[in-house]
1. Taking I107 and the conditions (1) within 14 Å of ligand 1 (Cβ to nearest atom); (2) β-branched (V, I, T); (3) open to solvent by less than 50 Å² (accessible area, probe 1.4 Å), which numbered condition does it fall short on, given that it satisfies the others?
2. Could you tell me whether segment 118-137 includes any residue that is without any contact (Cβ under 8 Å) to a residue 60 or more places away in the chain, touching a Cys at 6+ places or on another chain (Cβ under 7 Å) and open to solvent by less than 70 Å² (accessible area, probe 1.4 Å)?
3. From the list G32, G12, G85, which residue is within 16 Å of ligand 2 (Cβ to nearest atom), touching a Gly at 6+ places or on another chain (Cβ under 7 Å) and either charged (D, E, K, R) or open to solvent by less than 30 Å² (accessible area, probe 1.4 Å) (or both)?
4. Condition test on P161, is it more than 18 Å from the chain's Cα centre (by Cα), surrounded by 14 or more Cβ atoms within 10 Å (Cβ to Cβ) and more than 23 Å from M1 (Cα to Cα)?
5. Given (1) under 20 Å from I34 (Cβ atoms); (2) among the basic types (K, R); (3) away from ligand 2 (no atom under 16 Å from the Cβ), identify the lone condition not met by R105.
6. On the basis of being more than 16 Å from ligand 1 (Cβ to nearest atom), open to solvent by less than 50 Å² (accessible area, probe 1.4 Å) and in contact (Cβ under 8 Å) with a residue 40 or more places away in the chain, does V208 make the cut?
7. Restricting to segment 1-16, what's the tally of residues that are under 20 Å from D158 (Cβ atoms) and assigned to a strand (DSSP E or B)?
8. With within 16 Å of ligand 2 (Cβ to nearest atom), in a helix (DSSP H, G or I) and under 15 Å from the mean Cα position of the chain (by Cα) as the only criterion, which of I67, I19 stands out?
Amino acid sequence: MNLILLGAPGAGKGTQAEIICDALGIPAISTGNILRDAVKHQTPLGLEAKQYMDSGDLVPDSIVINILKERIQKDDCKNGFILDGFPRTVPQAEALDQMGVVIDRVIEILVEDDVILTRLSGRRICEDCGASYHLEYNPPKQAGVCDRCGGKLIQRADDVPETIRERLHVYHEQTEPLKNYYYDSGKLIVVEGQEKVEDTSALVRKAVEA
Ligand code: ADP
Ligand code: ZN
């Protein structure tokens, strides 16, 4: 099963992707996590991507398309995968089609912009595994420490209000058109993001099984 999770930054794609990954045993692939890892290790890719990411803009299509192409060729993807944060533009979606990837379902998690602003400004992520938390709504058991791997929780450089607004703007301009792209092929299911992670994941599970 090949799934795409669509939604604005902070809609909860990453969290839901991890939950489906555990349930179905297929990997969750986050281009954002791959890019952040490259930035952290200061690879040539990371050095190029950082400028775009820090200002809330998209990394150029040619770069992310290559990253994704390589990733889905790995062995763990042979039974399918969950894409979190890819595609983000129509050319990226077209590239997936050209790679011969057949998408079974596209699930959009819908959350309003003002809710997203609150969520992202309180978000903290694990430096090591990328797991995401919220200071108020989804705190880790021990402050500053990842429940999953014990890593250190940090605030992402792009989770500050001004950059969040820019990311939302970019989402509405460049990523939302993908809804039509997948709606037309009958693959899109829209799920309303709930306050509680488990309530959203119940809806996502239904959408996966639909
Ligand atoms: P978000 O919480 O904004 O959904 P991600 O972790 O998916 O965050 O992505 C963080 C940043 O990485 C984006 O703002 C963008 O700069 C870059 N990025 C991630 N995936 C893509 C993609 N598919 N195309 C272009 N840029 C991407
Ligand atoms: Zn962790």
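The values are calculated or read from the model by the stated rules, or taken from the named source; none is laboratory data. A quick note: this is a predicted structure, and the numbers were derived from the prediction, not measured. When we count neighbours, we look across all protein chains shown, and the Cβ atoms used for this are built from the backbone with ideal geometry, even at glycine. What goes into the accessible areas is simple: the full protein's heavy atoms, side chains included, and nothing from ligands, DNA or RNA. Shrake-Rupley method; radii C 1.70, N 1.55, O 1.52, S 1.80 Å.
1. Here I107 meets the rest and fails (1).
2. yes
3. Unique residue meeting the criteria: G32.
4. On the way: more than 18 Å from the chain's Cα centre (by Cα): yes; surrounded by 14 or more Cβ atoms within 10 Å (Cβ to Cβ): no; more than 23 Å from M1 (Cα to Cα): yes.
Answer is no for this residue.
5. R105 satisfies every listed condition except (1).
6. yes
7. Of the residues in segment 1-16, 2 are under 20 Å from D158 (Cβ atoms) and assigned to a strand (DSSP E or B).
8. Numbers: I67 fails: within 16 Å of ligand 2 (Cβ to nearest atom).
Just one listed residue meets the conditions, I19.
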